[in-house]
Amino acid sequence: MVKSGSNLESVLESGRFAVTAELGPPKGTGVKAIYRKVEQLKPAVDAVNLTDNQTAITRMCSLATSALVRQAGVEPVMQITCRDRNRIGIQSDVLGAVALGIRNILCLSGDHQRFGNHPQAKNVYDLDSVQLIQTLSGMRDRKKFISGDDFSGEAPLFIGAAANPYADPYEYRVVRLAKKAKAGVDFVQTQAVFDVAKFAHWMESVCERGLDKRVHILAGVIPVKSVAMARYMRDYVSGVSVPDEIITRLEKAQDVKEEGVKICLEIIEQVRDIPGVHGIHLMAVGWEDMVPTIVDRAGLLPRPLL
């Protein structure tokens, strides 16, 4: 039963294979780029993630960008990180998001500020990501703040989180997901999948614990458009596992971008066959115009109208 009024929840609860994508808010106040990217993504996705100062770089806030995206006709997934706000600010933003018709919220710890453009900033981390899920769950199910105080109105939320099948210690990854499920998460979007075999092994453990019946799992997918991008993710992005054979394929390709799309399509095809996977999350950083092509070539169009 759909509880939040979220289109993404409707797609997932109906048993259809969901497609979400990512959109980074601008480093400024202009909205033209947002609307342009929304028009590119609109026909191909069920919802769009709006990142919250991703990589600790200051951008337009996820709340405002989510509202703009919703006005443009695409369902937003508003990201909230624990890095920048305490429980007062977070709960206030959630109330505002609900009032603006935002139903999907993704709970994240957030990249450490040393990676961004304000490395001297103080982090907050008043809550961790599991506690943030518990906070939203309490607001939705009991209409209560963390303090125990009631608030007026409803908070119909579809609560999301991230999951990393590759991070160390590997054995703890499923335990971490189980904690988020217990806290009240409804769906998770995973770190980018390149090593499909290792991801499939993680999914076996997920299914053995019955977590796939409690949480909708969307496999993260990144279309790689250069050899340098693939090498960077392999060597410097924590928790991403890029097999050497993918690097080799890109190095030997005459058309690297087309080869990157082919690899992406192969990964999508493989993860669709893995039990417990309910959708994909496309992270086409700076390549949003390619998302409709990828979704079409993957045989995932048209998207359901629910």
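Values in this text are rule-based calculations from the coordinates and carry no lab data. These figures come from a predicted structure and were not determined experimentally. Using ideal geometry, Cβ is built from the backbone for each residue, glycine included, and neighbour counts are taken over all protein chains shown.
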Checklist outcome for this item: Answer in debye to the nearest 20: the dipole magnitude of region 193-244 about its Cα centre, from +1 Lys/Arg and -1 Asp/Glu charges placed on Cβ, is 160
Checklist outcome for this item: Going fewest to most other Cβ atoms within 10 Å around each Cβ, GLU9, GLU258 line up as GLU258, GLU9
Item to check | Residues LYS180, LYS225 arranged by fewest to most Cβ contacts within 10 Å | outcome: LYS225, LYS180
Checklist entry - Compactness ratio of region 1-143: Cα Rg over 2.2 N^0.38 Å, N = residue count? => result 1.04
Checklist outcome for this item: The relative contact order of the chain, taking Cα pairs under 8 Å that sit 6 or more residues apart, comes to a percentage of 19
Checklist outcome for this item: Between ARG297 and ALA167, the two model label points (7 Å from Cα along the beta-carbon direction) sit apart by a distance in nm of 3.1
Checklist entry - Under a point-charge model restricted to the Cβ atoms of Lys and Arg (+1) and Asp and Glu (-1), what is the dipole moment magnitude of region 84-169 relative to its Cα centre, in debye to the nearest 20? => result 100
Next on the checklist: Give the aspartates and glutamates reachable from LYS213 as a straight Cα distance under 16 Å; neighbours fewer than 8 places away on the same chain don't count.
Outcome noted: GLU9, GLU13, ASP186, GLU204
Next on the checklist: Is the C-alpha gyration tensor of region 97-237 telling us rounded, prolate or oblate? Criteria: a/c under 1.5 is rounded; beyond that, a/b larger than b/c is prolate, otherwise oblate.
Outcome noted: oblate
Next on the checklist: Calculate the FRET efficiency for LYS252 and ASN117 from the Cβ-Cβ distance with a Förster distance of 30 Å, rounded to the nearest 0.05.
Outcome noted: 0.25
Checklist entry - Calculated FRET efficiency, LYS144 and GLU245, Cβ-Cβ r, R0 51 Å, to nearest 0.05? => result 0.50
Checklist entry - Order of TYR232, TYR125 from fewest to most other C-beta atoms within 10 Å? => result TYR232, TYR125
Checklist entry - What's the center-to-center distance, using Cα atoms, between region 109-162 and region 12-37 in Å? => result 21
Checklist entry - Rounded to the nearest 20 Debye, what is the dipole magnitude of region 7-295 about its Cα centre when Lys and Arg each give +1 and Asp and Glu each give -1 at the C-beta? => result 660
Checklist outcome for this item: At R0 = 41 Å the Cβ-Cβ FRET efficiency linking THR55 and HIS201, nearest 0.05, sits at 0.90
Next on the checklist: Need one number: nm distance between label points at ARG209 and ALA228, each 7 Å from Cα along Cα→Cβ, rounded to one decimal.
Outcome noted: 4.0
Item to check | Dipole of the chain, positive end: most advanced residue of ALA228, SER129, ILE280 [Cβ charges, Cα centre] | outcome: SER129
Checklist entry - Which of the listed residues, SER205, GLY89, LEU63, is farthest toward the dipole's positive end in region 7-295, when Lys, Arg count +1 and Asp, Glu count -1 at the beta-carbon? => result GLY89
Checklist entry - For region 4-64, what is the relative contact order in percent, using Cα pairs closer than 8 Å and at least 6 residues apart in sequence? => result 39
